[in-house]
Each structure stands twice: as structure tokens, then as C-alpha cells.
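J.: The following block contains the structure, expressed as C-alpha cells.
The values are calculated or read from the model by the stated rules, or taken from the named source; none is laboratory data. Just so we're clear, the structure is a prediction, and the values are computed from it rather than from any experiment. Every residue, glycine among them, receives a Cβ derived from its backbone with ideal geometry; neighbour counts consider all protein chains shown.
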Amino acid sequence: MKERPSFMRIVGLLTLLGGSTFASMGALYGNPSKAAVGVVFSGLMIVGGALLMWNGRQRTITAEQPGDDLLILESARRRRGRVSAFDVASDTGLNIELVEPALDRLVQKGLCEILSTNAGQRMYRFADFETDVAPEVKKRERQSESR
């Protein structure tokens, strides 16, 4: 999925282009006695534009919506406390690149823990949701055994 450029990235790109244009125009038509000022100014514009583009990318990737945690918790509840990043993304429609950092934040908050499967897949265990559905699961298991 292609990410849309953020406002910061667009401003950074325009600043970067403006600084480059200013530098090239100054080199071609500038007054040699004022060349140092032009070089410093255009250099600042280029560096500033690059930083704005980089900062805009960081914000785009780590953007968190207020309801994301609730969507993730609902997915974990429906799946009886064990989910992968792919499970959550498919259940919630969230971008897969945002799901894993969000799950890691929930680990840091102590809401879940990371498990590894035999195949090396990262699973997230929400113990509270396992106990909430345990009686329901046991009841279904007893019913299937009696058949």
C-alpha cells in the first residue's frame, strides 16, 4: 500500500527545491562579493527541506489514531487473547505497518506479552481475554466431546 505524502513532506520537498534553485541561480548570476551569504542561505534551505521531509516521513509512519488501541483490543478479545499483527490488520483494516508498533506499545504498557510460535511468528498474548472466554471454551469442548 502506497503511503500518501504528508504536509510536512510536501513543504520539505518545496523548500529543498527552492534552496537548490536559489543555490544554482546564485552560482550562475550572483555577485561574487555576496557569494558567501548566498551559499549559507541556500545550504540552510536545503538542509531544512531535507529535515522536514524526513520528519514528515517519521510522523506518517508512526501516526497513531486514538481508537487504534481499542480496535486492537477488540480483535484480541474476538480471537481469545492470541493475535498476530496480520490478524489484527485483517480484523481492523489498520495498516499492517502501524499494527506491530501499536502492539509493541501495548506490550510496554503491560497489556499483553510477546510469544513466538514454532514457525518463528510473533504472537501477542492478552491474558485477560483468555480467562474471560475460558468458561465458554470449556463448555464448547464438553459439548463436542459428548457428541
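J.: If I filter region 86-145 down to residues being touching a Gly at 6+ places or on another chain (Cβ under 6 Å) and modelled with pLDDT under 90, which single residue comes out as farthest from A76 (Cα to Cα)?
T.: Only one residue fits best here, namely E130.
J.: List, please: which pairs have Cβ atoms under 7 Å, are six or more places apart or on different chains, and start with a residue in region 98-119 that is part of a loop (DSSP other than H, G, I, E, B) and end with one that is surrounded by 11 or more Cβ atoms within 10 Å (Cβ to Cβ) and not small (G, A, S)?
T.: As it stands, the answer is L111/F126; C112/L106; C112/Y124; C112/R125; C112/F126; T117/M123, since those pairs meet every condition given.
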